[in-house]
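Engineer: Once you've had a glance at the structure underneath, I'll fire off some questions.
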Amino acid sequence: MTDSAPPPWVRWFRKQFTQNIGIDLGTANTLVYVAGKGITIREPSVVAVDKDKGKVLTVGEEAKRMLGRTPANIIAIRPLRDGVIADFDQTLEMIRQFVKKAKSGVSLYTTVVVGIPSGVTEVERDAVLDACAKSGANKAYVIEEPMAAAIGAGLPIEEPIGSMIVDIGGGTTEVAVISLAGIVHSRSIRTAGDEIDDAIAAYIRRAYNLFIGERTAEQTKMAIGSAYPLEQEMTMSLKGRDLVSGLPRSIEVTSEEIREAISEPIMEIVEAVKLTLEATPPELAADCMNNGIVIAGGGALIRGLDLLLEEQTGMPVVIARDPLSCVAIGTGRMLDMINESPAIRRMLEKASRG
Ligand code: ADP
Ligand code: MG
């Protein structure tokens, strides 16, 4: 572990032949950022596993497509669903396959930065680094996702100014206050997009005796889900299976009903933000007041969540530009800055291998 940069000629040489890859290992989506190209892979964090042989068959989009169309011995799994690595081997295989896909033939030296949920343990961290090394990375770093998200959202993380980032993903919501290139305070809860989908499905079952699948629940959330009254409320028709007759049936739901149905998980997210603010040193909290709370991740796209957070915290709230890509962009930007910024270098060296 060193603090100084390698000599200029080494840096020049490496730069000519280096491929820098940033990976956002999300609970719902994995994104790969390749320096010079931008985001080249954006696929669900899903693996298809042969249950009998215990072998991973394929990952990402292809694995998700296999769902429901394959013999019963093949199942699709989200190994990071709850923000912790539920199955080591599957997660590692997923990383290996994505890195392999992202690498192009000409590079001699590959550097990888992986953004991982902040709930991941030390052992899991090491395993991720190992997986990168085995996929041919010469140097690998892991970084906590809120930090990468903050960088990707363009927050001034190196300044002695408090910045707050709220990253609402599929399995986890991570709230962090960052200052001087460090996470001052953070909180991670297992309430995010998946829980909101579950709340919608539970409501439809209760109110209409109708069973809807995960995908339909998610589509409903994206189409008419909201956290705050809308200027123009909406309706949508949903198809499901009647719990009594067992036959397909369709219903109409309104955005008001869905808002009510998801209010519990939404309020848990709001509560996590409030608790983080309360635990933040007053000067830094005041900075957040000036600069606003930045929300990122797919959950930031829920209509009116920014307005609800503003109302509940009394702070300005900003939706990050391209919230689904913040972490991937952040990992890529870190790789670009590693030679220029001692703070970024130190941050990465803290957890590196290679
Ligand atoms: P992760 O980082 O955990 O992989 P993402 O940041 O990729 O998660 O966000 C995925 C979550 O965002 C999913 O729960 C998905 O349903 C939700 N999402 C994506 N787009 C929207 C949208 N337009 N409105 C509401 N939720 C959305
Ligand atoms: Mg994420």
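Engineer: Does region 255-269 contain at least one residue that is within 16 Å of ligand 2 (Cβ to nearest atom), modelled with pLDDT of 95 or more and open to solvent by 60 Å² or more (accessible area, probe 1.4 Å)?
Structural biologist: No, region 255-269 has no match at all.
Engineer: Would you check if there is a residue in region 294-304 being open to solvent by less than 40 Å² (accessible area, probe 1.4 Å), at pLDDT below 95 and closer than 23 Å to PRO146 by Cβ?
Structural biologist: No, every residue in region 294-304 fails to be open to solvent by less than 40 Å² (accessible area, probe 1.4 Å), at pLDDT below 95 and closer than 23 Å to PRO146 by Cβ.
Engineer: Inspect region 275-282 for any residue being under 21 Å from ASN138 (Cβ atoms) and open to solvent by 10 Å² or more (accessible area, probe 1.4 Å) and give the result as yes or no.
Structural biologist: No, the conditions are met nowhere in region 275-282.
Engineer: Quick check, is ILE168 over 30 Å from LYS15 (Cα atoms) and within 16 Å of ligand 2 (Cβ to nearest atom)? If you could, list the steps in order and put the result at the bottom.
Structural biologist: Values: over 30 Å from LYS15 (Cα atoms): yes; within 16 Å of ligand 2 (Cβ to nearest atom): yes.
Here the answer is yes, as ILE168 does meet what is asked.
Engineer: For region 258-354, which helices (runs of 4 or more DSSP H) that fit wholly inside it have 3 or more residues that are touching a strand residue (DSSP E or B) at 6+ places or on another chain (Cβ under 9 Å) and of a type in the set (Gly, Ala, Ser)?
Structural biologist: 326-337
Engineer: Another question, if that's okay. Check off (1) closer than 25 Å to ASP198 by Cβ; (2) at pLDDT below 85 for GLY105 and give me the number that stays unchecked.
Structural biologist: For GLY105, the exception is condition (1).
Engineer: For the structure I just gave you, tell me whether ALA140 is more than 30 Å from VAL317 (Cα to Cα), more than 16 Å from ligand 2 (Cβ to nearest atom) and in a strand (DSSP E or B).
Structural biologist: yes
Engineer: Condition check: open to solvent by 90 Å² or more (accessible area, probe 1.4 Å), in contact (Cβ under 8 Å) with a residue 40 or more places away in the chain and within 23 Å of ILE329 (Cβ to Cβ). Does LYS101 satisfy that?
Structural biologist: Working: open to solvent by 90 Å² or more (accessible area, probe 1.4 Å): yes; in contact (Cβ under 8 Å) with a residue 40 or more places away in the chain: yes; within 23 Å of ILE329 (Cβ to Cβ): yes.
When the stated conditions are applied, LYS101 passes them.
Engineer: I've got another one for you. So is ALA63 assigned to a loop (DSSP other than H, G, I, E, B) and open to solvent by less than 40 Å² (accessible area, probe 1.4 Å) or not?
Structural biologist: No.
Engineer: So which residues in region 140-161 are surrounded by fewer than 24 Cβ atoms within 10 Å (Cβ to Cβ) and touching an Asp or Glu at 6+ places or on another chain (Cβ under 6 Å), if there are any at all?
Structural biologist: ILE161, the sole residue that qualifies.
Engineer: So, one more: What are the pairs, 6+ residues apart or on separate chains, where a residue within region 110-132 that is within 20 Å of ARG346 (Cα to Cα) and open to solvent by less than 10 Å² (accessible area, probe 1.4 Å) has its Cβ under 8 Å from a residue that is assigned to a helix (DSSP H, G or I) and of a type in the set (Lys, Arg)?
Structural biologist: Final answer for the pair search is ILE116/ARG125.
Engineer: Please specify each residue of region 303-353 satisfying the condition of being within 14 Å of ligand 1 (Cβ to nearest atom), of a type in the set (Asp, Glu) and more than 18 Å from LYS37 (Cα to Cα).
Structural biologist: Correct list: ASP306 only.
Engineer: I'm trying to understand the selection: among the residues of region 21-39, which are touching a strand residue (DSSP E or B) at 6+ places or on another chain (Cβ under 6 Å), open to solvent by 10 Å² or more (accessible area, probe 1.4 Å) and away from ligand 1 (no atom under 16 Å from the Cβ)?
Structural biologist: ALA35
Engineer: Which condition number in (1) within 16 Å of ligand 1 (Cβ to nearest atom); (2) part of a strand (DSSP E or B); (3) among the β-branched types (Val, Ile, Thr) is the one that VAL49 fails?
Structural biologist: (1)
Engineer: Quick check: anything in region 106-122 part of a helix (DSSP H, G or I) and away from ligand 2 (no atom under 15 Å from the Cβ)?
Structural biologist: Yes: region 106-122 contains one or more residues that are part of a helix (DSSP H, G or I) and away from ligand 2 (no atom under 15 Å from the Cβ).
The values are calculated or read from the model by the stated rules, or taken from the named source; none is laboratory data. The structure presented is a predicted model; accordingly, all values stated were derived computationally and were not measured. Here the Cβ is made from the backbone with ideal geometry for all residues, glycine too, and neighbour counts use every protein chain on show. We work out accessible area using only protein heavy atoms, side chains counted, and drop any ligands, DNA or RNA first. Shrake-Rupley method; radii C 1.70, N 1.55, O 1.52, S 1.80 Å.
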